[in-house]
Amino acid sequence: MAPLMVAQDLHRHFGGLRAVDGASLSLQAGEIHALIGPNGAGKTTFVGLLSGRVPVQSGRIELAGEDITHLPAHQRVKKGIAYTFQITSVFPRLTVFDNVALAVQSAGAAGLDQQVATHLSRVGLADHEAMLAGSLSYGHQRLLELAMGLALRPRVLILDEPTQGLAASEIEGFKALVNGLAPDTTVLLIEHNMDVVMDLAHRITVLNFGQVLAVGTPQDIRQNRAVQDAYLGGHDAAD
Amino acid sequence: MTASQKIWALHLGLIAVLFAAQYVLPPYHATNLARIMVLSIFAMGYNIAFGYTGLLSLGHALFFAAGMYGMGLSLTLLGWTALPALIAGLVAGGLLAGAVGVLALRTAGVSFMIVTLMFAQAGYLALLYFGTITGGDEGFNPDRSLRMIGSLDLSADTPRYLVALGLFALALLLCLWLVRSPFGRVMVAMRENEERSRMLGYNPFAIKLITLVLSGFYAGLAGAAYGLLFGYVGATFATIQYSILPMLYVLLGGAGTVIGPFLGALAMFYLIDLASGITDAYFFVVGAALVALVLFAPKGILGALRERGVRWLP
Amino acid sequence: MAAVLALTAVGLSLVFGVMRVVNVAHGEFFMLGAVLAWFVTYYLPLPPAFAWLAALIIAPLIVAGIAALADVLVLKRLHHDPEATIVATIGLLYMLQQAALTFYGPDARPVAAPFEWRIQLPWFGYSGYKLFVVLAAGLILWGVWAFMTRTKAGLVMRATQVDRDIARSFGINVDRVYAGTFAFGAALAAMAAVLIVPIQQAHYLMGHDPLLLSFIVVIIGGLGSLRGTLIAALVIGLSDGIISMFFSPTLAKIIATLLVALVLVFRPQGLFGAKA
C-alpha cells in the first residue's frame, strides 16, 4: 500500500546548526507512528517542516502523492495535516466552545453546534462548553487542544509531546483516546514517555542529530543496539 | 430571556431610543447626536480592525478622508448625485484600505502602527499638494443643491438626522451580525493568537486584509456621510488627529464591543463640549483622556461591564 | 540641519533601543526645549550669549525632568508595553502641545543667537552660528557615543537593552534605567532645539516636523541602532535639502514619507541594521 505521507531527505539548518539533516519518514495510512530521539535531536524542527511552520531548505514532502513541500502551513491544515502544540496553546480568553468551533468551521463542516458537542464529548469535556479555556485545568487544556486537532478532521494528526505534564491517570485516558483514533486517522506522535510510545506506536522512527537512526516496530527498536547506545544511554528500554 | 434575545433587545432598543431622541432633544443636541452617530460609524469600523482583530492602526484618517473626498469629488467633478456619491465614498475607503493593507499587513505591532501612520501622513500631504482640486486645508463646501437624495434635503435638520440614524443603524446591525458570525470568531482568534489560528487552517494575511477592507468601508462611509450631511470636505480630516479620535472612542467605550464605539463617541463628544465651556484646552482633554484610559481603564466602559458579569455582551 | 536632526533622532533611537518603546511625544520634547529656551533668555537678565548658554543647560534639564516624571507616572505602570505606550505618548503629545499653547501662546518667537559672526568668503557669506551648531551637535553626539561605550551607566543601559530580565537579575534597577533613558533621550531633543532656536523661531507646533523626520531617520537607520541612525540622519538631512531643490517641499515630504513606509515594510531591520 502506498504511504499516506512521505518526507524525503529533509534539510533545515540554522546557521551552522544542522537541526534536520537529511531525515526521511513515511506514514502508512491508519498507523500510529512515534517519533523519538534525545533532546535536541531535531524532532520539533522536523515536525515543523512537516506541518509547514518551518520552511524546508531542501527535500520533498508528499501527502497522498501530492507535493506539499512549499505549501504554507494554513493550506496544509486544509489538506488534512493537523498539529497540536507542545506548549498548550488554546485561546485562553475564548470559551471552550469557541475554541473547538474555530477548528470545526475551518474544516468547513455544517452543523457547527452538533460537531463541537461531538468532539468535546469525545475527549470528555462536554460539560465545560461555556467555560473560558484559560480557566480549565492544565490536563483539561491538553484535552481541549486534542479536541481542536480532531475537529479539523485531519488525515494526519501530529501530536507534539501530548502527555507532557499529565498525571498518570490522565495519561491512561489519553492512550485510550489515541488508540481509538486509528485507523481513521493517522497519528504522528512525538513523545518522551517510553511507556506511552511502546504501548501505542505501531512503528517508531528514531531521530538523532537531525538524521534517522532507525525505523521499525517497537520490538525492533527495543532490540536495536545503535538506538540503545545513542539514545537510551545503555540501559534497557524495556523497563 | 436568552442571550441572543437580550442582544437584539439591546441593539434594537438603542436604535429606537435614538429615533425617539429627535423629538425630545433641542435642535442643538439633535445635530450633535447626528454628528456623533456618523463618527460612531467611523469608530465602529476602527473597532472591527482594532477591537476584534487586534490591528492597531494609526492611519484610519486616510480612509475617512478617502470617503469624504470620494463623495465630494464625485459631486463636484463628476457631477454625480448624492446617493451614488455616497457609495463612491464608501468604495474609496474600502479600496484604499485594501491597498494600504496589502503593504502594511506585511508588518505587525509597532511597525504596523508606524507604517499606517506614514501612509496616512502621505495621504494628507497629497491632499495639500493637489490643493487646486481638493481645496487643501481650507477644503470646500459642496453646494446645498447637490446635497439632496431625491427630494430629501440633507442640509435640513430632520432629514439629516434620519439619514445619519439610518446609516448608523445599518452599520450597527451589520457589525453585530459580523462579530457573531463564524468569521467574527476567526477575527477574534487572530487577535488572541495568530500562530495558533494559522495552525487551525486560517490564512492570517487574508483574514486581516478582509478585516481592514471592511473597516475601510465603514470609515469611507462615515467620511462620505460626514461631508454630505454637514456640507464640508477638507484636508484637516486626514490629519493624524482623525486617526486618534476613533481610537479614543473605541478605547473609551470598550474595544471589541458592538456599541462601545457609539458610547465612546457620545461620552467623548460631550466631555469635550463640557470642557470647552470651562477651558479652550481641547487637546489637553483629549490627551489626558487617552493617558487615563490606557492607565486605568484599558477595557473601556463596556469592557469593564462585561468583566463584571454581563458576559453576553457582544 | 542634518546635525540637529541627528541629535533629535539619536534621542528617539536611544529610547527605542533600550526600552523598545516608540515615543510619539519626542517631537514635543524638542518643542518644549525651544519654548523653554525662549523663556530662559527672555526672563534672565543676562547678555544674549550667557542667557543662551543658561538655556542650553536649563531647558534640557527641565525637559528631562518632565520626561522622567512621565515615565515613572505613566509608562512604568503600563510595563512599557509597546502598543499601550504609543497610545499613552500620543496622549502626552496632546497635553504638552496644549500646555505650550496655553502658557506660551500661538506666536512664533525668536531667540537671540549667542553671537553674530559671519564668515565672509569671497563668493558667499556663511553664518558662523550655523557652523557652530554643526560643531556643537557633533560634540554632543560624540559625548553620547562615549557615554554609551565607555561609562558604567552606558554599559548598564546596553545591558538592559539586550535583556531586561537578565539585567534585573544582575541587580540593575531597570525602572531607574528606563526613567533615565527616557529623560536622557528627551534631553537630547531639547538640546537640539536650543541649538536650532536662534535659527528657527520657537513655536508650539514645531515638534511635528522633527518628529516625522526623526522617525524617518530612526527607521531607515534601523530601529534602535545608533550608528545607523547617525548615518541616516546625515543622509536625510542633506538629501532633504537637495530633494526640495528639485521638487516642492510638500512633494518632497510625500516621497520621503512613502519611502520610509516602504522601507519598514520591505526591510524592517532598516537599511543599515543587521539582518535578523
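The values are calculated or read from the model by the stated rules, or taken from the named source; none is laboratory data. Computed from a predicted model, the values in this text were never measured in an experiment. Ideal geometry is used to build each Cβ from the backbone, glycine not excepted, and the neighbour counts take in all protein chains shown. Side chains included, ligands, DNA and RNA excluded: accessible areas come from the protein's heavy atoms. Shrake-Rupley method; radii C 1.70, N 1.55, O 1.52, S 1.80 Å.
Classify region B:1-140 as rounded, prolate or oblate from the Cα gyration tensor: take a ≥ b ≥ c as the square roots of its eigenvalues, call it rounded if a/c is under 1.5, otherwise prolate when a/b beats b/c and oblate if not. Mind showing how you got there, number by number?
Working: a/c = 2.27, a/b = 1.26, b/c = 1.80.
Taking the square roots of the gyration eigenvalues as a ≥ b ≥ c, region B:1-140 is oblate.
Mind telling me which of A:L136, A:L120, A:L25 comes out most flexible in a GNM of chain A, alpha-carbon contacts under 10 Å?
Among A:L136, A:L120, A:L25, the largest GNM mean-square fluctuation belongs to A:L136.
Would the protein assembly as shown count as rounded, prolate or oblate if I go by the C-alpha gyration tensor, calling it rounded below 1.5 in a/c and otherwise prolate when a/b exceeds b/c, oblate otherwise? The partial results should precede the final answer.
On the way: a/c = 2.24, a/b = 1.39, b/c = 1.61.
Judged from the Cα gyration tensor, the protein assembly as shown comes out oblate (a/c at least 1.5, b/c at or above a/b).
Compute the Cα gyration tensor for chain B, then decide on rounded, prolate or oblate, letting a ≥ b ≥ c be the square roots of its eigenvalues: rounded whenever a/c is under 1.5, prolate when a/b is larger than b/c in the other cases, and oblate in all that remain. Could you put the intermediate results ahead of the total?
Values: a/c = 1.44, a/b = 1.17, b/c = 1.23.
Because its axes are fairly even, with a/c under 1.5, chain B counts as rounded.
Please work out the FRET efficiency for the pair A:S24 and C:L155, using the Cβ-Cβ distance as r and a Förster radius of 45 Å; give the result to the nearest 0.05. Display every interim value, and only then the final one.
Values: r = 49 Å, r/R0 = 1.10.
Computed FRET efficiency for A:S24 and C:L155: 0.35.
For the interface of A with B, what's the total buried accessible surface in square angstrom, probe 1.4 angstrom, rounded to the nearest hundred?
Numbers: alone 10720 and 14130 Å², together 22840 Å².
Summing both chains' loss of accessible area gives about 2000 Å².
For chain B, modelled as a Gaussian network with Cα springs under 10 Å, which listed residue fluctuates most, B:V91, B:V38, B:V285?
Comparing B:V91, B:V38, B:V285 in the GNM, the peak value goes to B:V285.
What net charge is computed for the residues neighbouring B:I114, neighbours being all others with C-beta under 15 Å from the C-beta of B:I114, Lys and Arg scored +1, Asp and Glu -1? Mind dumping the intermediate values first?
On the way: positive: B:R106, C:R20, C:R267; negative: C:E83.
Residues close to B:I114 contribute a combined charge of +2.
Which one of C:T41, B:M247, B:G79 has its Cα pushed farthest toward the positive end of the charge dipole of the protein assembly as shown, where Lys and Arg give +1 and Asp and Glu give -1 at the Cβ?
C:T41
Using a 1.4 angstrom probe on the protein heavy atoms only, line up A:D98, B:D143 by accessible area, largest first.
Details: A:D98 40, B:D143 90 Å².
Highest to lowest solvent-accessible surface, that is B:D143, A:D98.
So, R0 is 60 Å and r is the distance between the beta-carbons of C:A146 and B:I133; what FRET efficiency does that work out to, to 0.05? Mind showing how you got there, number by number?
Values: r = 53 Å, r/R0 = 0.88.
Once the sixth-power term is evaluated, E becomes 0.70.
If you take every residue apart from C:Y42 with its C-beta less than 15 Å away from the C-beta of C:Y42, what net charge results, scoring Lys and Arg +1 and Asp and Glu -1? Mind dumping the intermediate values first?
Details: positive: C:R109; negative: C:D107.
Net of charged neighbours comes to 0.
For the full complex of protein chains and a 1.4 angstrom probe, list A:I36, B:I301 by accessible area with the highest value first.
Working: A:I36 0, B:I301 75 Å².
So the residues, ranked largest to smallest area, are B:I301, A:I36.
Between B:Y69, B:Y28, B:Y249, find the one with the highest GNM mean-square fluctuation for chain B; connect C-alpha pairs within less than 10 Å.
Answer for the Gaussian network model of chain B: B:Y28.
Only bridges whose two residues both fall in the protein assembly as shown count here: according to DSSP, what percent of them are antiparallel, nearest 5?
Working: 28 of 45 bridges.
Beta bridges within the protein assembly as shown, antiparallel portion: roughly 60 percent.
What does the charge count around A:A29 come to, taking other residues whose C-beta lies under 12 Å from its C-beta (Lys +1, Arg +1, Asp -1, Glu -1)?
On the way: positive: A:R155; negative: A:E31, A:D184.
Its environment carries a net charge of -1.
Note the buried accessible area between C and B here, summed over both chains, with a 1.4 Å probe, in Å² to the nearest 100.
Values: alone 14290 and 14130 Å², together 25150 Å².
Roughly 3300 Å².
Within straight cross-link reach of C:K152, meaning Cα distance under 27 Å, which lysines are found once same-chain residues fewer than 8 apart are removed?
Of all the lysines, those that pass the test against C:K152 - Cα under 27 Å, at least 8 places apart if same chain - are C:K76.
Given the options C:F50, C:A25, C:S169, identify the residue whose Cα lies farthest towards the positive end of the charge dipole of region C:2-207 (+1 on Cβ of Lys, Arg; -1 on Cβ of Asp, Glu).
C:S169
Give the cross-link partners of B:K208 among the lysines, using a straight C-alpha distance below 27 Å as the criterion and excluding same-chain residues fewer than 8 apart.
Answer for B:K208, where 27 Å is the Cα cut-off: A:K78, A:K79, B:K299, C:K275, listed by chain and number.
What's the magnitude of the charge dipole for chain B around its Cα centre, counting Lys and Arg as +1 and Asp and Glu as -1 at the beta-carbon? Answer in Debye, nearest 20.
Working: 16 positive and 11 negative charges, 202 e Å.
Here the size comes out at about 980 debye.
With unit charges on the beta carbon (Lys/Arg positive, Asp/Glu negative), name the residue among B:A3, B:I41, B:A126 whose Cα is farthest towards the positive pole of the charge dipole of chain B.
Working it through, the farthest residue towards the positive pole turns out to be B:A3.
About the Cα centre of region A:17-152, how large is the charge dipole given +1 on each Lys and Arg Cβ and -1 on each Asp and Glu Cβ? Please answer in debye to the nearest 20.
Details: 10 positive and 10 negative charges, 70 e Å.
For this selection, approximately 340 debye.
If you place +1 on the Cβ of every Lys and Arg, -1 on the Cβ of every Asp and Glu, and leave all else neutral, what size is the dipole of region C:2-207 about its Cα centre, to the nearest 20 Debye?
Numbers: 12 positive and 9 negative charges, 84 e Å.
Dipole of region C:2-207, to the nearest 20 debye: 400 debye.
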